[in-house]
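See structure below.
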Amino acid sequence: MVQPDGLYVVMGLLDADSIAFAIGREIRRWGGRVLFTVQNERMKRLFFDRGDQLTPEEKAALAIEFCDVTQEAEVRALFDKLGPVAGVVHSIAFANPKTCLGEDLFTSVVDDLKTAFHISCASLATVAHYARPHMPQGGALVALSFESRKAFPYYNWMGVNKAALEALVRALARQYGHQLVRVNAISAGPLTTKAAKAIPHYAHLARTWRKLSPLPWDPLEDKLAVAHAAAFLLGPYADKITGQVLYVDGGASIVGGSLLPQERPHGVDEIATLVEQGLPLSPG
Ligand SMILES: NC(=O)c1ccc[n+]([C@@H]2O[C@H](COP(=O)([O-])OP(=O)(O)OC[C@H]3O[C@@H](n4cnc5c(N)ncnc54)[C@H](O)[C@@H]3O)[C@@H](O)[C@H]2O)c1
């Protein structure tokens, strides 16, 4: 599905639960080469090295570079080391949960709003700028979004940043189209990762999907569905698709109101039980 032997830079690895990890694995399955980026060495030590889902041999086999996307020099240095790049995945977001997420949208900590916007949205333009010269025959960028046309509780400024990210995807698609570089986003349903668990009452959000999604949605397993879509958008079958937001959310985004009992997919209660194991208690 991806370009065999093509190099794909997958940015935003934290641990084996990261969406970036699932996407990288899928790219490799289709014969692509993968270079992961981790924010910094400390993050790698704290989360990736300590995680026990991969053996030391599996970890050692991964190509990893460090890149903090708020540091333009680091993004430049990352791509300076590389030859031709077939595609880039931007699987990165951050918002201080104390000031940018939660019950109240208001915050006077404007620096946190700026940081959240820089990391979660504007950095895609920095990445595109330094990746583009490595795509002389064209290439593809894919960013990760979450339903931004609706207001979800607690998601606050991250929802605003996702709306901005989707607008940026369209603007970049317009700018780079004549150089055959495509830019798209995937809007994924809730998936259990470190970033997701930092959202206050994430379990409430995950439970909301049971009321919205006509297809069964499994926040633990459906990273694979997102990875399939990423491989499609990165590869030649999507060569006329750019500036789009592809919803990989079990269909939740097209449902008005909540599902009627007879519309609820079979098996969601079993999934819900699995999801709630290991998640903090929350209202709803
Ligand atoms: N998990 C979900 O429910 C869900 C749903 C839809 C979209 N997304 C999006 O998917 C993407 C990946 O998140 P995830 O859920 O895999 O969580 P994750 O915590 O595994 O990944 C988030 C990554 O962002 C990185 N990051 C934060 N600040 C950075 C910086 N300054 N420079 C470089 N990297 C930085 C973190 O180090 C981490 O690797 C994010 O854009 C997230 O908003 C997640």
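The numbers here are math on the coordinates, done by the rules we state, and not lab data. Please read these numbers as outputs of a predicted model, since none were measured by experiment. Backbone-built Cβ (ideal geometry, glycine too); neighbour counts: all protein chains shown.
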- [ ] Using only the alpha carbon atoms of the stretch 41-110, find the Kirkwood hydrodynamic radius as the inverse mean reciprocal pair distance, in angstroms to one decimal.
- [x] 15.6 Å
- [ ] Set the Förster distance to 35 Å, then compute FRET efficiency between residue 170 and residue 260 from the Cβ-Cβ distance, nearest 0.05.
- [x] 0.50
- [ ] Can you pull the one-decimal nm distance between simple spin-label points at residue 151 and residue 64, each 7 Å off the Cα toward Cβ?
- [x] 4.0 nm
- [ ] Could you work out the mean projected area of the convex hull around the alpha carbons of the stretch 27-79, in square nanometres to one decimal?
- [x] 4.4 nm²
Open item on the list: Connecting C-alpha atoms closer than 10 Å in a GNM of the chain, tell me which of 80, 222, 15 has the biggest fluctuation.
Closed with: 80
Task: Length gained when the stretch residue 54-residue 25 is fully extended (0.36 nm per residue, less Cα-Cα span) - done: 9.2 nm
Open item on the list: In 5 Å bins starting at zero, report the fraction of Cα pairs in the stretch 1-129 per bin as a rounded %.
Closed with: 2, 10, 19, 20, 19, 14, 8, 5, 2, 0
TODO: Among 159, 12, 122, pick out the residue whose Cα is farthest towards the positive end of the charge dipole of the chain, where Lys and Arg carry +1 and Asp and Glu carry -1 on C-beta, about the Cα centre.
DONE: 122
Open item on the list: Please compute the modelled spin-label separation between residue 104 and residue 73, points set 7 Å along Cα→Cβ, answer in nm with one decimal.
Closed with: 3.9 nm
- [ ] Provide, for q = 0.09, 0.10, 0.17, 0.19 Å⁻¹, the log10 of I(q)/I(0) from a solvent-free Debye sum over equal Cα point scatterers in the stretch 75-212.
- [x] -0.30, -0.37, -0.92, -1.06
Task: Order by protection proxy (mean Cβ within 10 Å, highest first), peptides 102-108, 113-119 - done: 113-119, 102-108
Task: By average C-beta atoms within 10 angstrom, highest first, the peptides 21-29, 251-259, 81-89, 146-154 - done: 21-29, 81-89, 146-154, 251-259
Task: Cross-link table 98/211; 44/114; 44/194, entries beyond 23 Å C-alpha to C-alpha - done: 98/211; 44/114
Task: Hydrodynamic radius (Kirkwood) for the chain, which is based on Cα pairs only, to one decimal in Å - done: 19.2 Å
- [ ] At 0.36 nm per residue, minus the direct Cα-Cα distance, what do residue 114 and residue 42 gain on full extension? Give it in nm, one decimal, please.
- [x] 23.6 nm
